[in-house]
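I have placed the structure first, in the form of structure tokens, so that the comments after it can refer back to it.
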Amino acid sequence: MKCPYCQTNNSKVIDSRAKSEGKVIRRRRECISCGRRFTTKEYIEESPILVVKADMRREPFNRDKLKQGILIACTKRPISIDQIDTMVNQIENNLKDHSIEEISSKEIGSMVMRSLKQLDQIAYVRFASVYRKFQDKEEFLAELQELNQEVNQGEKL
């Protein structure tokens, strides 16, 4: 590491500490040539995940936007913020774990729907009504009937 004072490349690390949940490493260094100390920070370089919208525009993945959509679906439901944060974290971690650089908004919507279906069926139906853009009541009723059949099959087991 180049010393900011004497410009030599001869320094040693005298202390290291992880910060920001391990995403940043702060290193205290000492220049062997001039004896002065300085601090450096190392950051994990993450490539952004791009979301491909229905009109083929691409925009960076935004966990706050995802969370807001889920919060709207969960309004007045017995679902805690911790449960929603866990869902958002699972979806984001799933994308990062699979090194996904681009994903369609439709696939993200499907991930949310699978999670909501297990968590709260009313929130699931609310999200599905916006996500799937039901055109008429028949489409909406068909979704409700499918959900009802799944519930009934689960009760029989």
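The values are calculated or read from the model by the stated rules, or taken from the named source; none is laboratory data. This one's a predicted model, so the numbers in the text were calculated from it and none came from an experiment. Glycine also receives a Cβ, built like all others from the backbone with ideal geometry; neighbour counts cover every protein chain displayed.
Per the conditions (1) assigned to a helix (DSSP H, G or I); (2) on the phi > 0 side of the Ramachandran plot, the sole criterion not satisfied by residue 22 is (1). If only residues of segment 94-103 that are in contact (Cβ under 8 Å) with a residue 40 or more places away in the chain and assigned to a helix (DSSP H, G or I) are counted, the one that is farthest from residue 129 (Cα to Cα) is 96. Determine if segment 63-84 includes at least one residue that is part of a loop (DSSP other than H, G, I, E, B) and on the phi > 0 side of the Ramachandran plot. Yes - at least one qualifying residue is present in segment 63-84. If you filter segment 130-147 down to residues that are basic (Lys, Arg) and in a loop (DSSP other than H, G, I, E, B), you find that the one that is modelled with the lowest pLDDT is 133. For segment 10-33, the condition holds for no residue, the condition being that it is touching a Pro at 6+ places or on another chain (Cβ under 7 Å) and either loosely packed, with under 13 Cβ neighbours inside 10 Å or not aliphatic (A, V, I, L, M) (or both).
Can you find a residue in segment 104-111 that is part of a strand (DSSP E or B) and either not assigned by TED's automatic domain parsing to the domain that holds residue 66 or not hydrophobic (A, V, I, L, M, F, W, C) (or both)? Yes, segment 104-111 has at least one match.
Restricting attention to segment 51-68 and to residues that are more than 21 Å from residue 93 (Cβ to Cβ) and free of Cβ contacts under 8 Å to residues at least 12 places away in the same chain, the residue that is surrounded by the most Cβ atoms within 10 Å (Cβ to Cβ) turns out to be 57. Taking first residues from segment 82-93 that are of a type in the set (Asp, Glu) and partners that are surrounded by 13 or more Cβ atoms within 10 Å (Cβ to Cβ) and at pLDDT below 95, the Cβ contacts under 7 Å between residues at least 6 apart in sequence or on separate chains come to 92/63. With respect to the conditions (1) assigned to a strand (DSSP E or B); (2) at pLDDT below 95; (3) surrounded by 13 or more Cβ atoms within 10 Å (Cβ to Cβ), residue 1 falls short on a single one, namely (1). The test for being part of a helix (DSSP H, G or I), β-branched (Val, Ile, Thr), at pLDDT below 90 and surrounded by 11 or more Cβ atoms within 10 Å (Cβ to Cβ) holds for residue 125.
Residues of segment 25-53 being of a type in the set (Asp, Glu) and in a strand (DSSP E or B), which ones? Within segment 25-53, 30, 42 qualify.
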